[in-house]
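Only one structure is covered here, and it is reproduced in the block below.
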């Protein structure tokens, strides 16, 4: 996994790295490997994960086929959402106070 640091912005690079690691399941894997897992528990977990995956795929296929309704999207209430600001800062020291 590779993350490029642009304009010495290490904080942003760390955020991107954490997001990629979360998406790849690295944190879940680290938590799972923290302690020894008995072979019988490993088999049980793998079977449960396979069942979960198959149910998820079946649910998605049923939604695509129109057999079940798609879940309703969550809409944030008016006034509760954060305002999105678009700020472009140009220069190496722009936006920093002395």
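No value in this document is a laboratory result; all are computed from the given coordinates. The structure presented is a predicted model; accordingly, all values stated were derived computationally and were not measured. Every residue, glycine among them, receives a Cβ derived from its backbone with ideal geometry; neighbour counts consider all protein chains shown.
Condition test on residue 20, is it under 30 Å from residue 2 (Cβ atoms) and either out of contact with any strand residue (DSSP E or B) (no Cβ under 9 Å at 6 or more places or on another chain) or exposed (fewer than 10 other Cβ atoms within 10 Å of the Cβ) (or both)?
yes
Among the numbered conditions (1) more than 18 Å from the chain's Cα centre (by Cα); (2) outside any helix (DSSP H, G or I), tell me where residue 1 comes up short.
(1)
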